[in-house]
1. Counting residues that are modelled with pLDDT of 90 or more, under 20 Å from the mean Cα position of the chain (by Cα) and assigned by TED's automatic domain parsing to the domain that holds residue 193, which helices (runs of 4 or more DSSP H) fully inside the stretch 91-162 reach at least 1?
2. Tell me which residues, restricted to the stretch 226-260, are in contact with a strand residue (DSSP E or B) (Cβ under 8 Å, 6 or more places away or on another chain), more than 17 Å from residue 280 (Cα to Cα) and not in a strand (DSSP E or B).
3. Can you tell me which residue among 57, 85 is surrounded by fewer than 17 Cβ atoms within 10 Å (Cβ to Cβ) and at pLDDT 75 or above?
4. Taking the stated definitions as given, is residue 38 more than 22 Å from residue 191 (Cα to Cα) and out of contact with any helix residue (DSSP H, G or I) (no Cβ under 7 Å at 6 or more places or on another chain)?
5. For the stretch 276-292, which residues satisfy the criterion of being part of a helix (DSSP H, G or I) and either at pLDDT 80 or above or more than 27 Å from the chain's Cα centre (by Cα) (or both)?
6. Return yes or no: is residue 247 more than 20 Å from residue 161 (Cα to Cα), in contact with a helix residue (DSSP H, G or I) (Cβ under 8 Å, 6 or more places away or on another chain), surrounded by 13 or more Cβ atoms within 10 Å (Cβ to Cβ) and modelled with pLDDT of 80 or more?
């Protein structure tokens, strides 16, 4: 649901976030609904400001239960160090708000009745929950993006995404089971299950989109090399019968890859560059052996 534009950025309400607001509204706690909306927007605003500070333009903000997604013109997934900084901005915003509220109370700003009011307690609890929830190492949460950014230079973007998305689905299932226990003891409500459902579906979506983002990162590497003139190289070694998919899934962002092809007696057969591997993948598929790419016409 499109809400409007703020400073040129489209604001969108995700259906699960909308369901959460409707649930609060139907329960007669409109103030809580407004608090949740304000917290999520405030949290996401820090992502937008951080991205802008790093020269990245934000096209759209989609508000989700206890978080959101800032859709940008650049694919941050392909720039782990940038993705980590932008992702950290969200939890930092909640920690900053928590510190500010505690400081105001300690210095006696506001009456004790104000700080002990139900709405103020809800604001603090929701803020703490948002902070803790977003630090879980599970996509699409901020913690999952931080986790992926940490893993990507080590195991490659595709595997890092699959691990972080798998954590997201696993944590969603675990939270769902714990939520059933909480429901029995009247510790959780339907809003908790909306959040869990959102996490599971969003993690599955991140996993399915990883293939597209990964291929995009491979095909744009030539443009990056032409633009910068130089990239760091990483050398891999593969046997002649190894399928190209086993090599490419080990590619890491921001590096250009060279593959030394060896036979079963460890004799050197030839060298493949990243462009040849990507072209071979697109023309012959994931299962083509490395030796099959050595026979390509390189003229």
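1. 118-134, 142-155
2. 231, 252, 254
3. Exactly one residue qualifies, and that residue is 57.
4. Here the answer is no, as residue 38 does not meet what is asked.
5. Matches in the stretch 276-292: 276, 277, 279, 280, 283, 284, 290, 291, 292.
6. Judged against the criteria, residue 247 is not a match.
Let's see how each residue does on (1) touching a strand residue (DSSP E or B) at 6+ places or on another chain (Cβ under 9 Å); (2) in the same structural domain as residue 24 (by TED's automatic domain parsing); (3) surrounded by fewer than 19 Cβ atoms within 10 Å (Cβ to Cβ):
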residue: 168; (1), (2), (3): no, yes, no
residue: 171; (1), (2), (3): no, yes, no
residue: 174; (1), (2), (3): no, yes, yes
residue: 177; (1), (2), (3): no, yes, yes
residue: 185; (1), (2), (3): no, yes, yes
residue: 189; (1), (2), (3): no, yes, yes
residue: 198; (1), (2), (3): yes, yes, no
residue: 201; (1), (2), (3): no, yes, yes
residue: 208; (1), (2), (3): no, yes, yes
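The values are calculated or read from the model by the stated rules, or taken from the named source; none is laboratory data. The structure displayed is predicted, hence computed values, not measured ones. Note that we place each Cβ from the backbone using ideal geometry, even for glycine, and neighbour counts take in every protein chain shown.
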